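Before any comments, here is the structure.
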Amino acid sequence: MLKVLITCVWLLGAAYGTMAQAASVVFLNPGLSTETFWVSYAQFMQAAAKDLGLDLRVRYSERDTRNTLAQAREALQGAERPDYLVLVNEQYVAPQILRMAQGSGVKLLLVNNALTADQAQMLGSGVNWLGSMVSNDEQAGYLMLNDLLRAHGSVAPGETIELLAFSGVKTTPAALLREQGLRRALAEHPQVRLRQLVYGEWNRQRAYEQATLLFKRYPQTTLVWSANDEMALGAMQALQDSGRVPGKDVLFSALNSSPEVLNARMDGRLTTLVAGHFTLGGWAMVLINDDAKGVDINAHGGRDRQEALFQLIDTAQARRLLEPMAKVDFRALSAVDKPASYRYPFSLQLLLR
């Protein structure tokens, strides 16, 4: 009997030890708790955390940086500090959080929007900096315009193609990088005339109101480039309200993979779609898992990494993304027990199989 009791106590202790060792993570989500992109982003993170045995809590800022800072202060200076804090440099909020993190012992990982060069100089020895993980936003902006032009076709010598562009928030690195990609493509295609670029702040209603005025101001517009799906959908509605047909009278591009925009891609209202970066948070969980297990993740691709996650989405791929998501074996992506040459194979293709 005593032997059985000792065995039970040992098993309970082992189970408790395993639970106690689970690394804790707080993610400061900059979006709305009703916002399709950021909700799907968090869901993918949660699937990864569950598979990897991480304790993940998601805090939504509801697009208010004051909330982000309050949540960061609680995580970094409160009584129950997590092992890791994952944040987004939305509206350049990172420097204030870096100052809070001084001496906290919490490891910081930045996703989606990296530090600027000036902000990176603020990284002192008191910040436990795990690194950053971003997608190829500049390439995404470039891909969208090039694909729109492919669909539009050539024009006669001397003729021009009129373009409107909707960028996000001026103080968001991802928006500025996508805009840089747009301008790189414009430099390669002098036949395209950018009539106006406006900042729709990622918001459908704002883009709808802007587009309503812009389509009246520039009635010859035939291409619309948008840095996300919500702004594209708002601009498409404005065109429909003017009596014209998206995908026929004007060609639209968008970025993201909400069900609404995937359906628009499938039915032809949307000509060009780029997606993939909603997976970043899930891949970040793999890095955190490996760091918690003693893996030097810097040896497998560097501390500050850019992943080529964005890709053009055709109608078949849009249909696949609307189906139940393929289960990803996150543990198989880990660098634990892998050779020094191993590189993380993060890709949207893992979900399109």
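The values are calculated or read from the model by the stated rules, or taken from the named source; none is laboratory data. Computed from a predicted model, the values in this text were never measured in an experiment. With ligands, DNA and RNA removed, areas are computed over all heavy atoms of the protein, side chains included. Shrake-Rupley method; radii C 1.70, N 1.55, O 1.52, S 1.80 Å.
Considering only Gly294, Gly282, Gly268, the mean-square fluctuation computed in a Gaussian network model of the chain, springs between alpha carbons under 10 angstrom, is largest for Gly294. Proximity of backbone amide H atoms, modeled 1.01 Å from N, is registered between Arg193 and Ile161, Glu162, Leu163 at under 5 Å, excluding neighbours fewer than 5 places apart on the same chain. Counting only protein heavy atoms and a 1.4 Å probe, the stretch 138-275 has 41 square angstrom of accessible area per residue. Of the beta bridges in the chain, as assigned by DSSP with both residues counted there, near 5 percent are antiparallel.
The aspartates and glutamates within cross-link reach of Lys170, meaning a Cα-to-Cα straight distance under 12 Å and a gap of 8 or more places when in the same chain, are Glu90, Glu179, Glu201.
Between Asp296 and Leu32, 0.36 nm times their residue separation minus their Cα-Cα distance comes to what? Walk me through the numbers on the way to the answer.
Numbers: separation 264, 0.36 × 264 = 95.04 nm, distance 3.39 nm.
Length gained, Asp296 through Leu32: 91.7 nm.
By accessible area, using a 1.4 Å probe on protein heavy atoms only, the chain has 52% of its surface on carbon and sulfur. Extension gain, Gln349 to Arg244, is 34.3 nm, computed as 0.36 nm per intervening residue step minus the present C-alpha separation. Pairs of Cα atoms nearer than 8 Å and 6+ residues apart set the relative contact order; for the chain it is 16 percent. Comparing Glu35, Glu307, Glu179 in a Gaussian network model of the chain, where Cα atoms under 10 Å apart are tied by springs, the biggest mean-square fluctuation is seen for Glu35.
Listed by chain and number, the lysines whose alpha-carbon sits under 16 Å from that of Lys338, ignoring those within fewer than 8 places in the same chain, are Lys293.
Taking all protein chains together, Arg63, Arg331, Arg303 sort by accessible area into Arg331, Arg303, Arg63, largest first [probe 1.4 Å].
Partner lysines whose Cα lies under 21 Å from the Cα of Lys248, excluding those fewer than 8 positions away in the same chain, are identified as Lys216.
Given the alternatives (1) 65, 45, 35; (2) 89, 41, 38; (3) 79, 44, 39, Cα extents along the principal axes in Å as computed for this entry is given by (2).
With contacts taken as Cα pairs under 8 Å and at least 6 residues apart, the stretch 221-308 reaches a relative contact order of 22 percent. Annotation for the stretch 251-309 versus the stretch 124-182: alpha-carbon center distance of 15 Å.
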